[in-house]
Amino acid sequence: GRYGRSLDLGEDLAWQGGFYLADSQAEAIRRLRPYHDERYKWYAPLGFVRYADAQGRPWGTPGAPTRLPTLEDGVEQKVWLCGTPQDMLEGLKELEAKYPGLEHVWLHWPEAMPQSEYFEQLQRFAEEVMPAFRRIEQKATARGRGLG
């Protein structure tokens, strides 16, 4: 490895994305849409949209899309995981398979969402999604790195 370190793909990195849990993907998108759209009305003109076009060019760069991104764009590019807890679990397991060293997931909320609604989402995530993942300490110990 470079600089004397041998890392698994995704190790020392974090995946960051948005999420919304509901009883169906359609309901999640419907409930999230106003918050998403408000968020990107502010972010997109400043160049803070990390969506990419089919050629991998970030939005806002020459030749890439310049319109406001839709929630469907974000779901398609897996910037937003929306749907049932099972949908979210499948999306995260897909990331885990693609990046076996990935240990950190950072979930954000769109700034326009009321804090109480986000806390409800976090509670549901903790109860219905997180139990499917083993603890990081177990993974670190299994790889022989220890915890300290």
Residue count, the stretch 75-87 (criterion: within 11 Å of Tyr20 (Cβ to Cβ) and either among the β-branched types (Val, Ile, Thr) or crowded, with 20+ Cβ neighbours inside 10 Å (or both)) = 6
Of residues in the stretch 57-81 being part of a helix (DSSP H, G or I) and of a type outside the set (A, V, I, L, M), the one modelled with the highest pLDDT = Glu72
So which pairs qualify, if the first residue must be in the stretch 78-95 and acidic (Asp, Glu), the second must be surrounded by fewer than 22 Cβ atoms within 10 Å (Cβ to Cβ), the Cβ gap must be under 9 Å, and the two must be at least 6 apart or on different chains?
-> Asp87/Ser24; Asp87/Gln25; Glu94/Lys78
State all residues of the stretch 96-124 that are assigned to a loop (DSSP other than H, G, I, E, B) and free of Cβ contacts under 8 Å to residues at least 60 places away in the same chain; if no residue qualifies, say none.
-> Pro114
Restricting the stretch 58-68 to residues that are surrounded by 14 or more Cβ atoms within 10 Å (Cβ to Cβ) and either touching a Cys at 6+ places or on another chain (Cβ under 6 Å) or free of Cβ contacts under 8 Å to residues at least 24 places away in the same chain (or both), which is nearest to His108 (Cα to Cα)?
-> Trp59
Filter result (within 20 Å of Arg124 (Cβ to Cβ), in contact (Cβ under 8 Å) with a residue 40 or more places away in the chain and not in a strand (DSSP E or B)) within the stretch 13-56 = Ala22, Asp23, Ser24, Gln25, Ala28, Ile29, Leu32, Pro34, Tyr35, His36
Output the number of the condition that Leu71 fails; it satisfies all remaining conditions of (1) surrounded by 17 or more Cβ atoms within 10 Å (Cβ to Cβ); (2) over 23 Å from Ala22 (Cβ atoms).
-> (2)
Hey, does the stretch 127-137 have a residue that's closer than 29 Å to Ala44 by Cα and either surrounded by 14 or more Cβ atoms within 10 Å (Cβ to Cβ) or of a type in the set (S, T, N, Q) (or both)?
-> no
Looking only at residues in the stretch 92-131 that are of a type in the set (Ser, Thr, Tyr) and more than 24 Å from Gly10 (Cα to Cα), which one is modelled with the lowest pLDDT?
-> Tyr118
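The values are calculated or read from the model by the stated rules, or taken from the named source; none is laboratory data. Worth saying up front: this structure is predicted, and the values here are computed from it rather than measured. Heads up, the Cβs are rebuilt from the backbone with ideal geometry, glycines too, and the neighbour counts pull from every protein chain shown.
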